[in-house]
2 protein chains.
Amino acid sequence: MLNRPALTPRTVRLHDQDNLVVAVEPIEIGSVVHGVTARERVPRGHKIAIAAIHQGEPVLKFGQIIGFASKPVEPGEWLHEHNVGMHDFSRDYHFAEDASSEAILPVEARATFEGFRRANGKVGTRNYLAILTSVNCSASVARFIAREVERSGLLDEYPNIDGVIPLVHGTGCAMDTKGEGYEVLKRTQWGYAANPNMAGVLMVGLGCEVFQIGRWKELYNIEESDTFRTMTIQDIGGTRKTVAAGVAAIRDMLPVANRARRETIPASELMLALQCGGSDGYSGITANPALGSAVDLLVRHGGTAILSETPEIYGAEHLLTRRAATREVGEKLVGLIDWWEDYTSRNNAEMNNNPSPGNKAGGLTTILEKSLGAAAKGGTTTLNGVYRYAEPVTAKGLVFMDTPGYDPVSATGQVAGGANILCFTTGRGSAYGCKPTPSIKLATNSEIYRRMIDDMDINCGDVLDGSTIQEKGREIFEAILKTASGQRTKSEEMGYGDAEFVPWQIGATM
Amino acid sequence: MLNRPALTPRTVRLHDQDNLVVAVEPIEIGSVVHGVTARERVPRGHKIAIAAIHQGEPVLKFGQIIGFASKPVEPGEWLHEHNVGMHDFSRDYHFAEDASSEAILPVEARATFEGFRRANGKVGTRNYLAILTSVNCSASVARFIAREVERSGLLDEYPNIDGVIPLVHGTGCAMDTKGEGYEVLKRTQWGYAANPNMAGVLMVGLGCEVFQIGRWKELYNIEESDTFRTMTIQDIGGTRKTVAAGVAAIRDMLPVANRARRETIPASELMLALQCGGSDGYSGITANPALGSAVDLLVRHGGTAILSETPEIYGAEHLLTRRAATREVGEKLVGLIDWWEDYTSRNNAEMNNNPSPGNKAGGLTTILEKSLGAAAKGGTTTLNGVYRYAEPVTAKGLVFMDTPGYDPVSATGQVAGGANILCFTTGRGSAYGCKPTPSIKLATNSEIYRRMIDDMDINCGDVLDGSTIQEKGREIFEAILKTASGQRTKSEEMGYGDAEFVPWQIGATM
Ligand SMILES: [Ca+2]
Ligand SMILES: [Ca+2]
Ligand SMILES: [Ca+2]
Ligand SMILES: [Ca+2]
Ligand SMILES: [Ca+2]
């Protein structure tokens, strides 16, 4: 009875083109998985070949190259450092050679959702009024205005409005006007003001801060209108008067904002932000590839998905440059990587995504495999654009936006870029939520799904029990459409999103 | 009738030992000010000598050296670049040579206030419960807990408690555990937990963040108690359960916190944070020196005042090192200046406090004069200690804490250092307020005082109309004692302080 092998050990096949599967539980010699008989013991989380791989041929996981066979591999062999190697990709960038033109469904064949079509043609999935702030010095006033509106009961008369959100932050002054931090803040504010989930925007400043609302309006050619107003505390003469003026401004916007109506819209108007936070050993084999499968579907239906978190794809950018639509797109990504190396070294920190000994014991063989576990949520399609933090995203299909890995900062950049829906994978259990962009939270394992059921929208842990990645991807795609149409996520039900607006701070606070 | 001189033009004498006064309005030739007849026209904001100054003798403003006569100066002469020069102080640091031991009143002669004596001997001026967060990922939960407590009406039963404050922030993860940013955050959190204005603290985390609550507790040897509790969302199992557990923890603290009673306490238990924001041409001649005069009084009564905003004293650190109690204190200040030069250059920014052409036209002659206008709020006593950002302040008398000039970030460091009261001078009009530390706002001019009357506590503009700096200093000192005893400031009445907790972010966000 000792060492009796599990006769049908559970495995996950991450992509149709893969020549391996991942062991969910240990595979003993002689067990049969995916029609092949195990020739060696394969530990939990490790990989077993399900096809012959000639020496030098690519080893495929997530449908992508994670390394090359360093010797001939027979079906049923354990795949790890002893038989999988990696070319030295360092600085060996190839551009666009793996790009393909995915078939995009014609408009009439696309999935649809019920969204708010804005005057500029963009489509919102929610209908919020926002109170933005130029500087921390007007943060309390912004929140006082939102509280007064809430207390007034005014919103009850306007059922088509999702709420009034004060989006405050800790910066906006004592910063270099020629620095990157200031550029990032200006873009972020513009992006929030322009996000299609906003029906109207009030921006409140103090008056003497570095972030001058007047100059920012000029820069972006923003005009005051019945859905865009600005004011400063110093101009108006203090807190109470500004709160009164702010409430009056919102009151004026409410009837205009309330006129918005949902209509049927093709899925090609969705811009999906991809996030992961609190990842675990399952992230790369359940929720991330399942989300990637949903992204492949969304791209097929003409939509856009934003992959981000530059530090987490570090070391695998070579794979993304090969998937880039053009050399220019690929080179922009390489430029970001160079910027990060400078940014971290200036700040006495380090970029390194090599698998740790713990990662290797857990089954990760190469840096490509590790970074692809994070990038898997972006799916497998061509990379059509690369954007700096908070830049407006204009390309369709899969794009990359430079952000830190830190969830609220990363998502803030994506929402500024125009994301009108967000999917967030988590293994340890995140409590993230966003306004104005609804966030669907995907648990990587069933235990955290059950433990944090108040926060989790979808369980991807059942991939370990036999659901396929493709099935899960379709489930996520359906949830995206329903959420975009107005179904509230767990984090929306609980009221998340006021505290999670965190523009990336770069540079010295003086 | 042309050019008829104002016969008694208004001037400000900033300190008893000064050999000059500042013109509030232009002084024409032949006008008599402070008993001397003007020999030259002196523009508004500029300086006129009221005593003879031999060549090489110091020119004194704020009772301190702002330069040296570059030629003999007669009473009634205009003092500016043509007759005032500055030695090259660069790298020429003298330590402690101007230090003196101020007479401190004996305990029984000290002014008193009504404060909350804590178990560790420190004294609070307010009695708050705080909800701290280790990371942005628990920010919403902290605010949900505070909102639930507020909605419950529970606080009505505990009249001695000033409120429950959620103090959330944008960082706590994706940071270098060996970096300065992390050190600063750990100190800030400890300082807020330990501030004597706190009756109790709940700290809420997510669980998987870089800022590990368990390790932080070990580092500071913090034990859980009936007024200190911690919890994480991942441990407890999601948002709703954590909010319930947090509300229960606060509910348990309320009766304990409510037992605190005000008692008569000597002013030596006051620790005053000094701030200025939105400064104008009057800051250096009205509110800042008036506050400095109050600080001199507070020091005489045995109290502590914290001067900060390192970028604003840049170039005049040589004067502070001379006033340092010991060489060690002075050298610590020089070390901070060197750190700032590195910090700004690493971030492609610059430190420079030289008077601009506009400053010079306005009457500022030297970098010393400019920086002393900012430092004037620290008064004239010996510098007894120099602290890094958010370090616990232990010295009595005047001390310096390294902070940026940016108000909320600077004040957050001071409150973490232990400040139980705060004075904030403003010319352009700040709307700052703080919890748990009451903030008295001092207008530098009567116009902004009137325009922003809902925000301003004290008008220092009347110094221009004949109130002396010393009278104003006594008024401020009295307001400090009353506020410390429970009288609410304008910003407290309006509910400021939840959004102004902004720990200094240093380093890369990964
Ligand atoms: Ca992340
Ligand atoms: Ca991650
Ligand atoms: Ca300041
Ligand atoms: Ca200042
Ligand atoms: Ca220096």
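Against the longest principal axis of chain B, how steep is helix B:469-484, in degrees 0 to 90 to the nearest 10, with axes from Cα atoms? Between the helix axis and the principal axis of chain B, the angle is about 10 degrees.
The amide H of B:GLN64, built 1.01 Å from its N in the peptide plane, has no neighbour under 5 Å, considering only residues 5 or more places off or on other chains.
With N the number of residues in chain A, Rg(Cα) / (2.2 N^0.38 Å) evaluates to 1.03. Within a Cβ distance under 15 Å of A:MET198, other residues only, what is the Lys/Arg minus Asp/Glu net charge? With Lys, Arg at +1 and Asp, Glu at -1, the net is +4.
For B:THR403, the residues whose amide H sits under 5 Å from its own are B:GLU309, B:THR310, ignoring neighbours fewer than 5 places away on the same chain, with H placed 1.01 Å from N. Excluding same-chain residues fewer than 8 positions from A:LYS217, which lysines have a Cα within less than 20 Å of its Cα? Reachable lysines: A:LYS178, A:LYS186.
Among the trypsin sites (Lys or Arg not before Pro) found in segment B:244-301, those both in a DSSP coil and sparsely packed, with 15 or fewer other Cβ atoms within 10 Å of their Cβ, are B:ARG259, B:ARG261. Quantify how much of the Cα-Cα distance distribution of the protein assembly as shown extends past 45 Å, in percent. Percentage above 45 Å: 37. Per-residue 3J(HN,Hα) values for segment A:486-499, derived from phi via the Karplus relation 6.51 cos²θ - 1.76 cosθ + 1.60 with θ = phi - 60°, read x, 4, 7, 7, 4, 5, 5, 4, 8, x, 5, x, 6, 9 Hz in sequence order (x marks Gly and Pro). Averaging over all projection directions, the Cα-based convex hull of segment B:302-426 occupies 7.9 nm² in the image plane.
Ascending distances from the A:LEU154 label point to its copies in the other chains, with the point 7 Å along the Cα-to-beta-carbon line: 3.2 nm.
In nanometers and ordered shortest first, the copy-to-copy spacing of the B:ASN354 label point, defined 7 Å from Cα toward Cβ, is 4.7. Computed on chain A, with alpha-carbon pairs under 8 angstrom and 6+ residues apart, the relative contact order is 19 percent.
Shown here: segment A:11-85, whose C-alpha atoms stretch 27, 22, 19 Å along the first, second and third principal axes, sorted largest to smallest. Copy-to-copy label distances for A:ARG488, where each label lies 7 Å from Cα along Cα-to-Cβ, are 3.2 nm in order of increasing length.
In order along segment B:74-80, the Karplus-derived 3J(HN,Hα) couplings, from 6.51 cos²θ - 1.76 cosθ + 1.60 at θ = phi - 60°, round to 8, x, x, 7, 5, 10, 7 Hz, and Gly and Pro are given as x. Distant-in-sequence amide contacts of A:HIS46, defined by a placed amide H-H separation under 5 Å and a gap of 5 or more residues or a different chain, comprise A:ALA23.
Other residues within the sphere of radius under 9 Å centred on the Cβ of A:ASP457, judged by their own Cβ, net out at +1 (K and R +1, D and E -1). The eigenvalues of the Cα gyration tensor, multiplied by 5 and square-rooted, give segment A:126-278 an equivalent ellipsoid with semi-axes of 25, 22, 14 Å from largest to smallest. Whole-Hz Karplus values for segment A:261-274 come out as 10, 6, 9, 6, 9, x, 4, 5, 8, 8, 10, 9, 7, 10 Hz, taken residue by residue from phi with 6.51 cos²θ - 1.76 cosθ + 1.60 and θ = phi - 60°; glycine and proline positions read x. For segment B:96-162, what class follows from the C-alpha gyration tensor (a ≥ b ≥ c being the square roots of its eigenvalues): rounded when a/c is under 1.5, otherwise prolate if a/b is larger than b/c, else oblate? Taking the square roots of the gyration eigenvalues as a ≥ b ≥ c, segment B:96-162 is oblate.
Just to confirm the number: angle between the C-alpha axis of helix A:239-258 and the first principal axis of chain A, 0 to 90 degrees, nearest 10? Once rounded, one gets 70 degrees.
The angle between the Cα long axis of helix A:287-300 and the longest principal axis of the Cα atoms of chain A comes to about 70 degrees, rounded to the nearest 10.
Each value in this text was obtained by applying a stated rule to the coordinates, not by laboratory testing. Everything numeric here is computed off the predicted structure, so don't read it as measured data. Cβ sites come from the backbone with ideal geometry, for glycine too, and all protein chains shown count toward neighbours.
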